[in-house]
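Heads up, the thing below is written out as structure tokens.
We did not get these values from a lab; they are worked out from the coordinates using the rules stated. All values reported here derive from a predicted model rather than from experimental measurement. All Cβ positions, glycine included, derive from the backbone under ideal geometry; neighbour counts span all protein chains shown.
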Amino acid sequence: FDDRDGQIWLNGALIPWRDAKVHVLTHGLHYASAVFEGERVYGGVVFKSREHTERLFRSAELMGMSVPYTVDEIERAKAQTVAAQGFADAYVRPIVWRGSEMMGVSAQVARINVAIAVWQWPSYFDPEQRMKGIRLDVSQWRRPAPDTAPSAAKAAGLYMICTLSKHAAEAKGFADALMLDYRGRVAEATGANIFFVKDGVIHTPTPDCFLDGITRRTVIGLAKARGIEVVERAIMPEELEGMQQCFLTGTAAEVTPVSQIGPYSFEVGEIVRALVADYDGAVRQRMAA
Ligand code: PMP
């Protein structure tokens, strides 16, 4: 991924992609003092750009890091990087991390760095499988309690169990994993929120120990605009058996139908299909969101 043409914005300026390097004694690498974003560009426009930048700042604040730029400056930097890369449709990855000026758990005076990279990432899941519905394994790892980790932050450290879960699922032939939370409730996938449909009503877990995704909120709005009832509540794994449709939402995943979780099967039904289409309309600005 590091050996390609293009430019990356690093601490205030665009530099060649191959030169955007950090030292091996970077605090963010050793102690996961890093927060990031994932955004998508559609037709040259970053969808919900400011919301993502604001979440980046909130995540940094939850990690005790003060971003040395304003929201407006990061907004301009993102636009500049998107323009420099020149892709109409792309993925945007801003990241904030503590630098290599200090080593040890405490890094009070390590520099807070910011980088923004933009690349083409057409589909998060295999495009052929996507509309047939992907298959999820159930992870052995659980989302931590909000007093165990800053679970509202999009923090690098919280992805340790996501990579473990996704690798374990992939080794068994599944596309992704469903993670339960510390109480044993259904939480989310490793990089996306989860929804279910039962008797025409949408059910989704209350995001009290995982990200309340920007896509999640967009899709809830789109469903309500169609007059579909959306219930946010605690969902236990035993309830999966009675659910009829299931889908994931996320910036990278967009709206992805799920056909199976462990032993339970779901149809790629009318509501899932409608929301896939509505989300596409929203990101392409054919529909309000
Ligand atoms: N949960 C996790 C663990 C994620 O990585 C993501 C992707 N950022 C989401 C949920 C969905 O968030 P969003 O819709 O804001 O991309």
Task: Net +/- balance of residues flanking Tyr91 in space, Cβ distance below 13 Å, scoring K and R +1, D and E -1 - done: -1
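What is the sum of charges, Lys and Arg at +1 and Asp and Glu at -1, for the other residues whose Cβ falls under 15 Å from the Cβ of His203?
Numbers: positive: Arg185, Lys198, Arg216, Lys224, Arg233; negative: Glu188, Asp199, Glu229, Glu232, Glu238, Glu239, Glu241.
Spelling it out: positives minus negatives among the neighbours equals -2.
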Open item on the list: Whole-Hz ³J(HN,Hα) for each residue in the stretch 170-182, computed from phi via Karplus 6.51 cos²θ - 1.76 cosθ + 1.60 with θ = phi - 60°, x for glycine and proline: what do you get?
Closed with: 4, 4, 9, x, 8, 7, 7, 10, 8, 9, 8, 9, 4
Task: Between 0 and 90°, nearest 10: helix 71-85 axis offset from the chain longest Cα axis - done: 90
Open item on the list: Binning at 10 angstrom from zero up to the longest distance, how are the C-alpha pair distances of the stretch 218-266 distributed in percent?
Closed with: 21, 48, 30, 1
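To the nearest 20 debye, what is the magnitude of the charge dipole of the stretch 127-283 about its Cα centre, counting +1 on the Cβ of each Lys and Arg and -1 on the Cβ of each Asp and Glu? Could you put the intermediate results ahead of the total?
Numbers: 17 positive and 20 negative charges, 45 e Å.
With only Lys, Arg, Asp and Glu charged at Cβ, the dipole is about 220 debye.
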- [ ] Can you tell me the 0 to 90 degree angle between the C-alpha axis of helix 270-283 and the longest principal axis of the chain, rounded to 10?
- [x] 30
- [ ] Could you work out the Rg to Rh ratio of the stretch 1-61, with Rh taken as the Kirkwood radius (inverse of the mean 1/r over all Cα pairs)?
- [x] 1.00
Task: Derived scalar couplings ³J(HN,Hα) [the stretch 127-132; Karplus, 6.51 cos²θ - 1.76 cosθ + 1.60; whole Hz; x for Gly, Pro] - done: x, 5, 6, 3, 7, 7
- [ ] List every residue whose amide H lies under 5 Å from the amide H of Val258, counting only residues 5 or more places away in sequence or on a different chain, with H placed 1.01 Å from N in the peptide plane.
- [x] Ile134, Cys246, Phe247, Leu248
Task: Net charge dipole size for the chain [Lys, Arg +1 and Asp, Glu -1 on Cβ; Debye, nearest 20] - done: 260
TODO: Set Lys and Arg Cβ to +1 and Asp and Glu Cβ to -1, take the dipole of the stretch 127-283 about its Cα centre, and tell me which of Ala153, Ile261, Ile214 lies farthest positive.
DONE: Ala153
Open item on the list: Checking a compactness column here: for the stretch 7-119, what do you get for Rg(Cα) / (2.2 N^0.38 Å), N being the number of residues?
Closed with: 1.05
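Rounded to two decimals, what is Rg over Rh for the chain when you use alpha-carbon atoms and the Kirkwood radius? Before the final figure, lay out the partial values.
Numbers: Rg = 19.2 Å, Rh = 19.8 Å.
Ratio of gyration radius to Kirkwood radius for the chain: 0.97.
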TODO: Please compute the net charge surrounding Glu170, taking Lys and Arg as +1 and Asp and Glu as -1 over other residues with Cβ under 15 Å from its Cβ.
DONE: 0
Task: Phi to ³J(HN,Hα) by Karplus 6.51 cos²θ - 1.76 cosθ + 1.60 over the stretch 15-20, Hz, x for Gly, Pro - done: 10, x, 3, 5, 8, 7
TODO: Would you mind pulling out the separation of the Cα centroids of the stretch 1-65 and the stretch 174-216, in Å?
DONE: 25
